Amino acid sequence: MAGAEMATKFLLRTFGCQMNEHDSERIAGVLSSRGMEQTGDLESADVVVFNTCCIRENADNKLYGNLGVLKSLKQSRPGLQIAVGGCLAQKDRELIVTRAPHVDVVFGTHNVGRVADLLDMAMSGGGNVVEVLDSADPGEDGSAGFAHALPAIRENAHSSWVTIQVGCDNSCAFCIVPSVRGKEVSRPVDEVVGEVSTLVAQGVTEVTLLGQNVNSYGRDITRRRPLFADLLARVGAVPGIRRVRFTSPHPKDLRPEVIEAMATVPQVCEHLHLPLQSGSDRVLAVMHRGYTAQRYMERLAAARAAVDDLAVTTDIIVGFPGETDEDFERTLEVVAEAAYDSAYTFVFSPRAGTEAASMSDRFVPDEVVAERFDRLKVVVERSALLRHEARVGRIEEILVEGPSKRDPAMLTGRTRQNKLVHCPMPAGGEVQPGNYGEVRVDRASPHFLRGEWVSPTSRPRRRTRLAVLAG
Ligand code: SF4
């Protein structure tokens with residue numbers, strides 16, 4: 001890194017999921033701890049870091065397109081350093097510098113804490129540095145492992161992600177994660193709880209526990225009992241924590257103990273993201289999802305019976321190879337029956353290296369997929385609107401995120417069910433990000449609620465729980 005009177009500036013671009021966004025907070029923290037300043041302006045940046053994703057469609061085209069743009073900039077400013085990290089870097093490794101030799105540093109998902117050192121090595125050695133580790137095992141030199149001990153620059157001072165697990169032991173036919181992020185490795189419970197306590201001391205009141213399959217958390221530590229249920233209770237008991245969220249659970253591993261913990265630990269929010277992917281048993285089997293639609297619905301019913309006022313969201317893939325009209329109709333039926341609060345709907349696109357990518361003889365024509373996608377969206381938005389309309393007139397607790405990006409006279413916040421609420425800034429503007437308050441919901445749309453500010457709340461709102469627990 002350039003040492004000068006003026007601070008070195010870095011520009012950080014993140015692609016992909018929450019796990020990547022969380023890693024980017026650590027990357028920003030590590031670079032800032034070395035005296036660097038974050039900038040959003042490419043022209044003034046001395047270092048550009050791409051934290052990449054290989055799950056999204058055309059991820060490599062996007063990365064190499066971005067790197068192509070930087071090539072001419074680097075020719076005019078040879079001191080500019082470019083680093084590529086994240087899942088695509090973990091997967092492609094040296095291939096990145098072969099295809100884009102102007103990249104200075106390639107680092108993987110297990111060594112984000114090394115980014116500043118690697119930039120220094122590239123600067124002093126004058127060549128590309130590629131360091132990608134195969135596991136989250138800390139090793140003797142501590143260069144890998146969970147990034148929890150690293151400094152972080154969080155977008156939001158009161159809310160934080162906490163990684164509890166990396167990797168995935170499943171083999172969903174459409175997913176590249178297991179081959180990129182490796183086998184499941186869980187952080188010990190005490191370590192997670194220790195991080196949450198530290199975050200509370202920094203002003204955090206809401207945490208989201210992150211893993212590829214949180215329901216199997218701890219399976220690599222003990223199979224005696226589901227540790228995720230214990231973890232929810234331990235994290236919820238940390239003094240100062242008001243909200244605990246988690247993502248993503250796998251339906252096949254949603255155990256009664258976890259539902260019970262959701263129902264009995266008051267800090268655990270009433271929101272369950274339960275990816276369905278397809279409503280057709282035939283497609284679910286080809287995907288290797290490990291459940292049938294009926295089994296999925298039984299688990300969903302158990303969660304709804306136990307957890308009062310539970311919001312449920314999901315992920316659905318449209319046009320998985322070989323999906324017939326009949327398969328898709330079944331998906332529509334299950335989605336209608338599940339009556340989701342919202343759904344992330346994706347058009348299938350092959351990811352190189354996955355089983356589904358090799359099924360090209362069964363790819364569904366684009367126009368068929370587009371038509372199915374539109375039909376699915378109608379069904380999802382109908383149930384989302386109904387669920388939201390049922391909240392009109394209710395008082396909801398929100399955690400204030402801040403002024404609306406579109407209209408500073410409005411503030412936005414999230415309910416315990418993770419619903420986005422917009423409401424006019426109360427007179428006096430005394431409400432700050434991180435405050436809790438009550439709003440009266442007065443309008444609903446499929447994607448957000450509108451409300452009127454009622455009053456701040458200083459104490460967590462305790463909910464009434466149904467006593468029916470999953471058997
Ligand atoms: S559970 Fe399936 S979709 Fe989720 S990360 Fe693992 S392989 Fe991918």
Give the residues of region 182-214 that are in contact with a Ser or Thr (Cβ under 6 Å, 6 or more places away or on another chain) and either away from the ligand (no atom under 16 Å from the Cβ) or without any contact (Cβ under 8 Å) to a residue 24 or more places away in the chain (or both), sorted by residue number.
-> Leu199, Val204, Glu206, Val207
Condition met for Arg304 (more than 30 Å from Gly236 (Cα to Cα) and away from the ligand (no atom under 16 Å from the Cβ)) = no
If you go through region 413-434, how many residues are more than 21 Å from Gln267 (Cα to Cα) and crowded, with 18+ Cβ neighbours inside 10 Å?
-> 3
Going by the conditions given, is Phe174 in contact (Cβ under 8 Å) with a residue 24 or more places away in the chain, aromatic (Phe, Trp, Tyr) and either assigned to a helix (DSSP H, G or I) or under 26 Å from Leu310 (Cα atoms) (or both)?
-> no
Mind listing just one residue for me: the one in region 33-82 that is touching a strand residue (DSSP E or B) at 6+ places or on another chain (Cβ under 7 Å) and of a type in the set (Ser, Thr, Tyr) and, of those, surrounded by the fewest Cβ atoms within 10 Å (Cβ to Cβ)?
-> Ser44
If we only count strands (runs of 3 or more DSSP E) wholly inside region 304-420, which ones have 3 or more residues that are within 30 Å of Val204 (Cα to Cα), of a type outside the set (A, V, I, L, M) and in contact with a strand residue (DSSP E or B) (Cβ under 6 Å, 6 or more places away or on another chain)?
-> 311-318, 395-403, 410-415
Identify all residues within region 159-181 that are more than 8 Å from the ligand (Cβ to nearest atom), among the hydroxyl-bearing types (Ser, Thr, Tyr) and over 30 Å from Thr198 (Cβ atoms); write none if there are none.
-> Ser179
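Only the coordinates and a few stated rules stand behind these numbers; no lab work does. Keep in mind the model is a prediction, meaning the values are calculated, not measured. When we count neighbours, we look across all protein chains shown, and the Cβ atoms used for this are built from the backbone with ideal geometry, even at glycine.
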